[in-house]
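First up is the structure itself, then whatever we jot down about it.
Every read-out reported here was derived from the displayed coordinates using simple, explicitly stated rules and does not represent laboratory data. It should be emphasised that the depicted structure is a prediction, and the values quoted were computed from it without experimental measurement. No Cβ is skipped: glycine too gets one built from the backbone with ideal geometry, and neighbour counts run over all protein chains shown.
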Amino acid sequence: MIHIKTKAEIDTMREAGHLLGKILYQLGEGVQPGVSPLDIENHAEVLFKEYNAIPGFKGFKGFPNICCISVNDHVVHGIPAPKPMKAGDLVTIDCGVKLDGLNTDAAISVIVGGEATGTERTRKLNQITRKAMYQAIRLVKPGVRIGTLGNIIQKTVERAGLTIIKDLMGHGVGYELHEEPQILNYGKKDTGIALKPGMTIAIEPIVSAGERFIETLDDGWTIGLKDGSWGCQWEHTILVTEHGHEILTEWVG
């Protein structure tokens with residue numbers, strides 16, 4: 001069942017999303033060579049306490065951390081590891097803020113040490129995944145069907161010679177972290193359900209530089225690419241408004 005949010009619920013999600021945008025921006029700014037995913041997790045814990053924010057991920061289906069932090073060939077749900085990252089690595093930080101029972105969800109990807117330290121392939125992977133997210137967001141308005149969003153994501157990614165990881169997708173978000181509808185990162189234009197004002201959805205392209213096949217690692221959470229290729233994820237929580245959309249989790253510096 002798709003839950004259309006009331007004005008009060010939207011106001012709450014807007015407040016939660018604003019906090020999440022601030023937190024993710026600061027976490028991204030702290031990424032540098034020598035920092036470990038566990039260091040980022042510890043920084044997140046400090047920020048959540050500073051902003052009096054409630055983590056949306058910790059405890060969700062037993063997940064033990066505030067953030068999913070995935071490096072290189074680990075694409076999603078990464079358990080923050082103590083191994084320091086090096087220049088040129090690609091790290092995704094995926095996080096949620098919960099307020100009055102309502103969730104927001106967003107993710108950023110950062111090349112450790114800055115864009116110039118990454119290989120051409122890594123820069124392309126990060127830039128195209130981010131572009132695909134914003135291309136889909138740009139189309140969000142009442143009446144647009146979710147297949148149209150998946151179609152533009154798929155076209156943007158595949159035209160660049162990259163691969164959609166089809167087993168991973170976006171979703172509705174609200175009182176549950178993952179709600180209906182599923183927002184696939186592939187599809188045909190003008191198919192699927194039509195967007196309506198008051199819907200809140202997470203658009204999150206998840207892309208591989210190689211093949212799309214994934215596996216869950218021994219920790220029971222981290223999902224990696226079977227062929228060892230690097231992956232990338234970007235994500236925002238989006239509100240469908242009367243005439244368009246609003247990004248609820250915009251990065252705030």
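Points worth noting:
- Verdict on residue 194 being surrounded by fewer than 22 Cβ atoms within 10 Å (Cβ to Cβ), out of contact with any strand residue (DSSP E or B) (no Cβ under 7 Å at 6 or more places or on another chain) and among the aliphatic types (A, V, I, L, M): no
- For the range 127-160, residues that are farther than 23 Å from residue 198 by Cα, without any contact (Cβ under 8 Å) to a residue 24 or more places away in the chain and more than 16 Å from the chain's Cα centre (by Cα) total 3.
- Single residue of 174, 143 found to be assigned to a loop (DSSP other than H, G, I, E, B) and surrounded by fewer than 17 Cβ atoms within 10 Å (Cβ to Cβ): 143
- For the range 36-75, residues that are buried (at least 19 other Cβ atoms within 10 Å of the Cβ) and among the aromatic types (Phe, Trp, Tyr) total 2.
- Evaluation of residue 209 against the conditions (1) within 16 Å of the chain's Cα centre (by Cα); (2) touching a residue at least 12 places away in the same chain (Cβ under 8 Å) shows that the sole unmet condition is (1).
- Counted as qualifying within the range 44-119 are the strands (runs of 3 or more DSSP E) with 3 or more residues that are among the aliphatic types (A, V, I, L, M), namely 90-99, 102-111.
- Residue 112 vs. criteria among the β-branched types (Val, Ile, Thr) and closer than 25 Å to residue 57 by Cα: yes
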